[in-house]
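Report on the structure given below.
The values are calculated or read from the model by the stated rules, or taken from the named source; none is laboratory data. Model, not experiment: these values are computed from the prediction. Virtual Cβ from ideal backbone geometry, glycine too; neighbours counted across all protein chains shown.
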Amino acid sequence: MTTTIAIAGKGGTGKTTIAALLVRYLKEHKPGASILAIDADPASNLNAALGLSLAETVGDIREDTAGRVSTGRMEAGIAKQDYLDLAINQALVEGDGVDLLAMGRPEGPGCYCAANNMLRSIVDRIAKGYDYVVIDNEAGLEHLSRRTTRDVDVLLIVSDPTVRGLTTAGRVVELIQELKTRVGKHYLLVNRADGALPAELTQVIQKHGLRLLSTIPADPTVAEFDAVGRPLVELPAESPVVRAIAAIGAKVVG
């Protein structure tokens, strides 16, 4: 059975760092398990954080297919479903202990919807073939309102230690309830928080009914790695953020 962990929150809160280090935790503590990382944030570089090269995204495939259909360039004798299936599998990046699929740009108002629906079903089917799926969602709430975040076992809502960030996190929970999104459990992570949270922030957390799972300390090593393009999965084991994410992983998946 597949366990799906999705990560949401406003931009700049460190979602990609958390996603990458959760993948690292799974690789280290679930030996032999198959892991799929899905980069659902077009502004993110989960592949770089994982140390993987990326050539094509699902969005690229959708645009290419739309162009082929509109100009009559689809290969003769091959059904669109089969063509998309092949293209998605070719876009899947196979790494050491983890595979990666990048979604790329979301569909626009003029999208080729038939292809888009096929793509979603193919991605869903591929994901079900893994033991663990970690999804790095785009910033904000669009992925919830478009219902692209669905059938999630654990949703980790990431915030910085600010009223604005926690209010956005509260809105995520509201949308889950309003849209009846299939989310098993949802937890709050407050990133770059040193020490106990001030009373003002604790009140906001309680007001929105957020379930605080953990705070994550600020770690200057993350910025140092980012500055030189070094994969975040190579952070030293004694790094405060690595230790924090390992503790979170233990709580979420054991």
*asked:* Between a residue in segment 156-167 that is surrounded by fewer than 24 Cβ atoms within 10 Å (Cβ to Cβ) and any residue that is among the hydroxyl-bearing types (Ser, Thr, Tyr) and not in a strand (DSSP E or B), which pairs come within a Cβ distance under 6 Å, given they are 6 or more apart or on different chains?
replied: Asp160/Thr13
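Only one of Arg68, Arg24, Arg62 is over 27 Å from His186 (Cα atoms), surrounded by 21 or more Cβ atoms within 10 Å (Cβ to Cβ) and not hydrophobic (A, V, I, L, M, F, W, C). Can you tell me which?
Values: Arg68 fails: surrounded by 21 or more Cβ atoms within 10 Å (Cβ to Cβ); Arg24 fails: over 27 Å from His186 (Cα atoms).
Answer to the selection: Arg62.
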*Can you pull out the helices (runs of 4 or more DSSP H) entirely within segment 1-104 that have at least 2 residues that are touching a Ser or Thr at 6+ places or on another chain (Cβ under 7 Å) and under 28 Å from Val172 (Cα atoms)?*
46-50
_Checking Gly32 against (1) more than 22 Å from Arg120 (Cβ to Cβ); (2) modelled with pLDDT under 90, the condition it does not meet_ = (2)
*Are any residues in segment 1-13 crowded, with 24+ Cβ neighbours inside 10 Å and not hydrophobic (A, V, I, L, M, F, W, C), and if so, which ones?*
Gly9, Thr13
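Arg211 - would you say it is modelled with pLDDT of 85 or more, farther than 12 Å from Ile5 by Cβ, surrounded by fewer than 16 Cβ atoms within 10 Å (Cβ to Cβ) and touching a strand residue (DSSP E or B) at 6+ places or on another chain (Cβ under 7 Å)? It would help to see each step written out before you state the result.
Working: modelled with pLDDT of 85 or more: yes; farther than 12 Å from Ile5 by Cβ: yes; surrounded by fewer than 16 Cβ atoms within 10 Å (Cβ to Cβ): yes; touching a strand residue (DSSP E or B) at 6+ places or on another chain (Cβ under 7 Å): yes.
When the stated conditions are applied, Arg211 passes them.
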*Which numbered condition trips up Ala250, out of (1) surrounded by fewer than 20 Cβ atoms within 10 Å (Cβ to Cβ); (2) over 28 Å from Leu50 (Cβ atoms); (3) among the hydrophobic types (A, V, I, L, M, F, W, C)?*
(2)
